[in-house]
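A.B. asks: After the structure tokens below, expect a handful of questions from me.
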Amino acid sequence: QISLLIGFISVNNSPWTDYSAYSFFQIVTMCDLVMILFFYIIHIFRIYRKLTCVSWPLAEFLHYLIGTILLLIGSIVAAAKSYNLTGLVAGATFGFLATILCVLSMWSSYKVSCITQSTSKYR
């Protein structure tokens, strides 16, 4: 979350040369931040126990998958259109860092929810 926030602030406070590229990057980072906050609130208040009709591990996995793909695309476009402006390069760099961290989070989420459940069935 912090790397997404730093990337958003870096891009937001820099002079833009291509509005469509950086608007897409800002929208993707804000949507990712809002969805991460949404899942934290669901976890903190244990809402997932009351809403049993939703497969929460699958919803979290899909959130990370879609968010990671969009963040990677946004970071590539932002890096290609940065024109060596330091704030825009920093935003793209933190976007790539957030992409890597989202992949790690997606893998740990999959490993905890799916692999541990499948091995516990056979014990």
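The values are calculated or read from the model by the stated rules, or taken from the named source; none is laboratory data. Remember, it's a predicted structure, so these values are computed and weren't measured experimentally. Cβ coordinates were reconstructed from backbone atoms using ideal geometry, including for glycine residues, and neighbour counts include every protein chain displayed. Areas reflect the complete protein model, heavy atoms only, side chains present, ligands, DNA and RNA absent. Shrake-Rupley method; radii C 1.70, N 1.55, O 1.52, S 1.80 Å.
A.B. asks: Starting from segment 65-82, keep only residues that are surrounded by fewer than 23 Cβ atoms within 10 Å (Cβ to Cβ), then list their pairs with residues that are part of a loop (DSSP other than H, G, I, E, B) whose Cβ atoms are within a distance under 6 Å, requiring at least 6 positions of separation or different chains.
C.D. replies: Going by the 6 Å Cβ cut-off, the qualifying pairs are K81/D18.
A.B. asks: To continue, here is another question. Please determine, by comparing only the residues of segment 1-35 that are outside any helix (DSSP H, G or I) and touching a residue at least 60 places away in the same chain (Cβ under 8 Å), which one is most open to solvent (accessible area, probe 1.4 Å).
C.D. replies: N13
A.B. asks: Please give the number of the condition D32 fails out of (1) under 16 Å from the mean Cα position of the chain (by Cα); (2) at pLDDT below 85; (3) among the charged types (D, E, K, R); (4) within 22 Å of A90 (Cβ to Cβ).
C.D. replies: (2) is the only condition that D32 fails.
A.B. asks: Among the numbered criteria (1) under 18 Å from S23 (Cβ atoms); (2) of a type in the set (A, V, I, L, M); (3) out of contact with any Phe, Trp or Tyr (no Cβ under 7 Å at 6 or more places or on another chain), which single criterion is violated by I66?
C.D. replies: Result: I66 fails condition (1) only.
A.B. asks: Can you list the helices (runs of 4 or more DSSP H) lying wholly within segment 36-123 that have 2 or more residues being of a type in the set (K, R), under 17 Å from I9 (Cα atoms) and modelled with pLDDT under 90? Show your work before the answer.
C.D. replies: Numbers: elements: 56-80, 86-110, 116-120.
Fully inside segment 36-123 and qualifying: nothing.
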